[in-house]
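See below for the structure under consideration.
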Amino acid sequence: MRWSIVRLIWLRELRDQLRDRRTVFMIAVLPLLLYPVAGFGVLQLASGFVNQPSTVGIQGAENLPRPWPAPVAAAVAPFAAVPAPPGAPLGAVERTAAVLALTRFQPYPALIVEPGGAPSFSPPYLERGGKTGALTLRLLGGTVPDARGPDLFLQQVDRGPLDDREHKDRVDLLVVVPPDFAARLADGEPPVLYVLSRPKDDNSRLVNVRVHGILARWQEDLKRTRLMQHGLPARFGDPFLVHDPERARPAGAREEEGLFSLLVRVFPFILVMWSLAGALYPAVDLCAGEKERGTMETLLITPAARDEIVWGKFLTIWVFSAGTALLNLLSMGLTTWKFASAAPGTGFGPLALFWAVLLLLPLSAFFSAVCLAVGAYARSTKEGQYYLMPLFLVTMPLVFLTLAPGVELSPFYSMVPVTGVALLLQKLMAGEGSGELYLYFVPVLVPMMVYSWLALRWAIAQFQREEVLFREAERLDLGLWFGRLLRDKEALPSAGQAFFCFGLVLALRWIAFNVGTNLPLLVRTGTSQIAFVAAPPLFMALMLTTRPRLGLGLRRPPAWGLAAGALLAVAIVLPFFELTLLVLRQFPAFQALLRERHPLTNELLGLSSNDYPSLGVRLRYFLGLALVPALCEELAFRGFILTGLRRRFRPWAAVLLSSFLFALYQMNVFQFAAHFLAGIVLALLVVRSNSLFPAIVFHLVFNTLVIAPGILLPELFEGTAAAVSPVLRALAAISGAVLAVGGLFLVRRLGGPVSEPEKAG
């Protein structure tokens, strides 16, 4: 590959993209304007809500407790501050009596004060800083009813100032103090204070929240005063104390940290989505746009090789994707720094921003390569947008996973595309720069670079295919298409039919979860395997191909094929178990989830080894859990689907893709890696032996060994697992993996040359 040509194509494409004002605005200008404008708007909106003019009406304010006159309060203040000493020695009787006399008549704190004649809530009970905003207090006249019982009392309250729009004393919230409020408070009984608001009124609900906060703070003061009157400490009503350093900090600090934690969780999500958006628009224009403008042919007839063209376009898309993400990051940092005075403690440190830049570069490379590969398949920019928009639907769950409670950065999540980067971004922005955290850079960055390389190879493969680059526009007519499909049958299934078969099997498996719930679990499992897994490939092979037996891979196996399948199953079963147990140890809650979501697994785990199953029960479990799944799943995945994929993709690509689909079909993310590796072994057996039967034998022996300890031969395996040490199990698993790899190399040597599926057999 000639880097001079790559650089020439890269600079040419970059210059053309910079001439597009819409792209420049969406990728460069919008991120710089979005966050300052959004931050200013949010602050103005919040300030508008807090300072919105509101009126609170107090009816029966004369029934509230009154404070002492100012001179009296000043005179007794020093004595009131002396704590009451119950159980004091006889020498302090006079002092105790004086203090008790003062505390007995300690007045209750006032809820309402009238500085300058204008009533208002007492400043200690207002919002932080004592700011009332636009909250106005109005004392209403009228007679307060003296009814017993809340329901009867509310029926007699005059709601005119609250509900009547033409009322002269209209208020947004009505607080009614009953006549016996002060008397019941003095007697030690809990009086009732009525707070009434307008339903379906946002302003009234907002005032309701603010007034409830004021009343809660006043209630705490009333409680302390009542305890003081009885000579008890203020915390007498607390049976025990809880020391929490986080909650012991000032409320303002906790609120600021809560806002910062929210930003830390949301900002990585925004950065990931903008990185994808920055790759989407240039990819559509550089591929589908050039097809529409007729410039793709001009580029292809130049001396530049196809991989050099792809690298030039990839670097252009990468610049825009990374530039978009970095400009968003810069705008976020400046915005949080600018508004730090309004929300202290919400700024990001320079070290966190540096590491965020380092993580965003491989993430942008991954999105750029994927968008380039998908955009190359489109015939027009409109079609390219249709193809690329589902990428958002795939990416969003991976990012939303980071917002779920309990999801933390771990070796497992670091391997998940996009999710690992977003989790590491959260930790870095939160300032958790511990040595252990930096160890995750390699598990996160290396998989992302591998995924980017694979996506780039996919894009190069797309540009190598003429039928992709020069697809003609065609009108979709389902009737004509289906008629031609039945009339012009091919000998073997195509790749499109293979993908359709997988989608149909997956959809039917999803539906089967709620079908036949009243049937026994074994019957339900076997029926779903036959009807929803084996039936679609059999039906499609009979209806859409002229050689259905070969389309399903049902050829005579070589002499070594069946024995190789059985021996490989024996060798790989222990590594499979250990890999599954390793994942289970990472997620202890998975066992409970497995019991809840998989009733058959729950039934198997519930079988007691002391009550050995009968021969008939063992035979039913063997048929339902070993034989039927082996036949049905192999017909679908290594038969119809693998044959169709081999017609378009190279053998290794078809093997990996069919294994990925097989692991995805299991709908179990915790066993995805184990099923993916098992699918590779099964597919290699089929490709090298040119027959499906070795894979069926492998699957059958493997399933039999899995259920043998609990179902088929519990007498033989009882107590064996507990007797074997973890070290011996690990050594056995490693030995099995080595034997399996050696067996695969032997199968490769024994197998004949890999032939095209349409010529095989």
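The values are calculated or read from the model by the stated rules, or taken from the named source; none is laboratory data. Remember, it's a predicted structure, so these values are computed and weren't measured experimentally. All Cβ positions, even for glycine, are placed from backbone atoms using ideal geometry, and neighbour counts span all protein chains on display. Ligands, DNA and RNA are stripped out before the accessible areas are found, and what is left, the full protein with its side chains, is counted by its heavy atoms. Shrake-Rupley method; radii C 1.70, N 1.55, O 1.52, S 1.80 Å.
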Practice task
Could you check how many residues of the stretch 373-390 are within 29 Å of the chain's Cα centre (by Cα), of a type in the set (A, V, I, L, M, F, W, C) and at pLDDT 80 or above?
Solution key: 2
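Take SER261 and decide whether it is touching a Pro at 6+ places or on another chain (Cβ under 9 Å), modelled with pLDDT under 80, outside any loop (DSSP other than H, G, I, E, B) and within 28 Å of PRO397 (Cβ to Cβ).
no
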Practice task
Please work out if ALA378 is touching a residue at least 24 places away in the same chain (Cβ under 8 Å) and not in a helix (DSSP H, G or I).
Solution key: yes
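Of the residues VAL533, VAL570, which single one is at pLDDT below 90 and of a type outside the set (Ser, Thr, Tyr)?
On the way: VAL533 fails: at pLDDT below 90.
Answer to the check: VAL570.
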Fill in the blank from the handout: So, first residue closer than 13 Å to PRO179 by Cα in the stretch 147-158, second residue part of a loop (DSSP other than H, G, I, E, B) and hydrophobic (A, V, I, L, M, F, W, C), Cβ within less than 7 Å, six or more apart or across chains; the pairs are PHE153/ALA147
Handout entry: Given (1) open to solvent by 20 Å² or more (accessible area, probe 1.4 Å); (2) at pLDDT 80 or above; (3) in a helix (DSSP H, G or I), index of the condition PHE320 fails
Key = (1)
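Each row is one residue, and each column tells you yes or no for (1) in contact with a helix residue (DSSP H, G or I) (Cβ under 6 Å, 6 or more places away or on another chain); (2) modelled with pLDDT of 75 or more; (3) surrounded by fewer than 24 Cβ atoms within 10 Å (Cβ to Cβ).
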| position | (1), (2), (3) |
| --- | --- |
| ARG650 | no, yes, yes |
| PHE660 | no, yes, yes |
| LEU664 | no, yes, yes |
| PHE698 | yes, yes, no |
| LEU705 | yes, yes, yes |
| LEU716 | no, no, yes |
| LEU728 | no, no, yes |
| ILE734 | no, yes, yes |
Exercise for the section: Report yes if ARG638 is open to solvent by less than 30 Å² (accessible area, probe 1.4 Å) and more than 25 Å from LEU398 (Cα to Cα), otherwise no. Expected result: yes
Problem - Pairs where the first residue, in the stretch 522-534, is free of Cβ contacts under 8 Å to residues at least 60 places away in the same chain and aromatic (Phe, Trp, Tyr) and the second is assigned to a helix (DSSP H, G or I) and crowded, with 21+ Cβ neighbours inside 10 Å, C-beta under 9 Å, 6+ apart - result: PHE532/VAL505; PHE532/CYS632
Problem - Residues located in the stretch 174-208, provided they are small (Gly, Ala, Ser) and at pLDDT 85 or above - result: SER197
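Give the number of residues within the stretch 518-558 that are of a type in the set (Ser, Thr, Tyr) and crowded, with 17+ Cβ neighbours inside 10 Å. Explain how you work it out, then say what you get.
Within the stretch 518-558, the subset of a type in the set (Ser, Thr, Tyr) is 525, 527-528, 545-546.
From the residues that got through so far, the ones that are crowded, with 17+ Cβ neighbours inside 10 Å too are 525, 528, 545.
Of the residues in the stretch 518-558, 3 are of a type in the set (Ser, Thr, Tyr) and crowded, with 17+ Cβ neighbours inside 10 Å.
Inside the stretch 413-486, counting only helices (runs of 4 or more DSSP H) that do not spill past its ends, which hold 2 or more residues that are at pLDDT 75 or above and among the small types (Gly, Ala, Ser)? Spell out how you get there, then give the answer.
Values: elements: 419-429, 435-438, 441-463, 466-469.
Answer list for the stretch 413-486: 419-429, 441-463.
I'm trying to understand the selection: among the residues of the stretch 160-179, which are without any contact (Cβ under 8 Å) to a residue 40 or more places away in the chain and farther than 13 Å from SER197 by Cβ? Spell out the reasoning first.
Applying the first criterion (without any contact (Cβ under 8 Å) to a residue 40 or more places away in the chain) to the stretch 160-179 yields 160, 163-168.
Listed by number, the residues that qualify are GLY160, ASP164, ARG165, GLU166, HIS167, LYS168.
How many residues are in a helix (DSSP H, G or I) and open to solvent by 10 Å² or more (accessible area, probe 1.4 Å) when one looks only at the stretch 297-313?
Taking the stretch 297-313 as the starting set, the residues that turn out to be in a helix (DSSP H, G or I) are 297-300, 306-313.
Filter once more, keeping what is open to solvent by 10 Å² or more (accessible area, probe 1.4 Å): 297-300, 306-307, 311.
Adding up the residues that qualify gives 7.
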Handout entry: Cross-chain or 6+ apart pairs with Cβ under 6 Å, the stretch 46-67 first and modelled with pLDDT of 80 or more, then part of a loop (DSSP other than H, G, I, E, B) and surrounded by fewer than 18 Cβ atoms within 10 Å (Cβ to Cβ)
Key = ASN63/PRO179
